[in-house]
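What follows is calculated from the coordinates using simple rules that are stated; it is not laboratory data. None of these values were measured; they are calculated from a predicted model. As a convention, Cβ positions derive from the backbone with ideal geometry for all residues, glycine included, and neighbour counts pool all protein chains shown.
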Amino acid sequence: MRFELTLQSNFPSIILPIQHNELIQAAIYSSLSTEFSRFLHDHGYQYEEKQFKLFVFSRIIGNFQLMKEESNIRFANPVKLIISSPISEFIHEIAQLMVNNGFRIGSQHLRVVEMKVDRPVVGGTVMTVQTMSPIVVYSTLRRTDDSKYTVYFEPAEVDFQSIASANLLAKGKILYGESTEFLPVQIKPIGQHKRHVVKYKSSIIKGYSGRFLIQGDKRLLQTALDTGIGSKNSMGFGLVDLLPARI
């Protein structure tokens, strides 16, 4: 299910740090019950050795002005935020608590003035999507001294497509059952893509926005819409919007 929230401040504008993914993630966790929030944060849903939170959110959508000297971004009222998850408990709690309590991003308390609930549905085995937050695909490797380092992949690289497909398969196994068999999925970039470098806590994360053609198992395509593509979805990466089919 997908929530499109229209958020408004009591002040003339909404001022946030330029790097604010962590604040939005914290606001979402705070909108959940303590028990469920702790479960998602500490454990999540596991497949083999990997854990997934199974929710994803967009960048803040609205008119803005960068204030680089202050390292802030000023949004004009109102703004929109899209949150998506296939997990029924998550959906229920977000719907209830946001309406009752509003939404606090950092020091900004925002009222939910409108909430649209929808679920984009895959119509077949091929779809074209546009990113609403950058897609992150990476691999953690080891140096000769056994220290770890991270390599981020670009959309045109084979590793980007294979790792993103494996990520979707793992999410599909969680949602549909580990014994479920899926047809393979291909994720192909369309046109040019923009690189985004985002600071999250002490980490630098690299992601890419643009259009993608995704083909394969219909259930995994639906999983891509519901949970996001790639990694770090619960940090605000990988939400995609279904584009109309070409006639």
Here are the criteria: (1) more than 27 Å from I204 (Cβ to Cβ); (2) out of contact with any Phe, Trp or Tyr (no Cβ under 9 Å at 6 or more places or on another chain). Tell me which single one R59 does not satisfy. (1)
The residue that is nearest to V136 (Cα to Cα), considering only those in segment 47-65 that are over 18 Å from the mean Cα position of the chain (by Cα) and in a strand (DSSP E or B), is Y47
What single numbered condition from (1) at negative phi; (2) surrounded by 14 or more Cβ atoms within 10 Å (Cβ to Cβ); (3) not charged (D, E, K, R) fails to hold for G106? (1)
Within segment 102-149, considering residues that are touching an Asp or Glu at 6+ places or on another chain (Cβ under 9 Å) and aliphatic (A, V, I, L, M), the one farthest from P12 (Cα to Cα): V137
So which residues in segment 169-203 are in a loop (DSSP other than H, G, I, E, B), surrounded by 12 or more Cβ atoms within 10 Å (Cβ to Cβ) and in contact with a strand residue (DSSP E or B) (Cβ under 8 Å, 6 or more places away or on another chain)? V185
Any idea which of (1) in a strand (DSSP E or B); (2) farther than 30 Å from D42 by Cβ is the one P244 doesn't satisfy? (1)
In segment 72-91, what residues are in a strand (DSSP E or B) and under 18 Å from G228 (Cβ atoms)? K80, L81, I82, I83, S84
Can you work out which of the residues in segment 27-38 that are surrounded by 15 or more Cβ atoms within 10 Å (Cβ to Cβ) and not in a loop (DSSP other than H, G, I, E, B) is nearest to the chain's Cα centre (by Cα)? I28
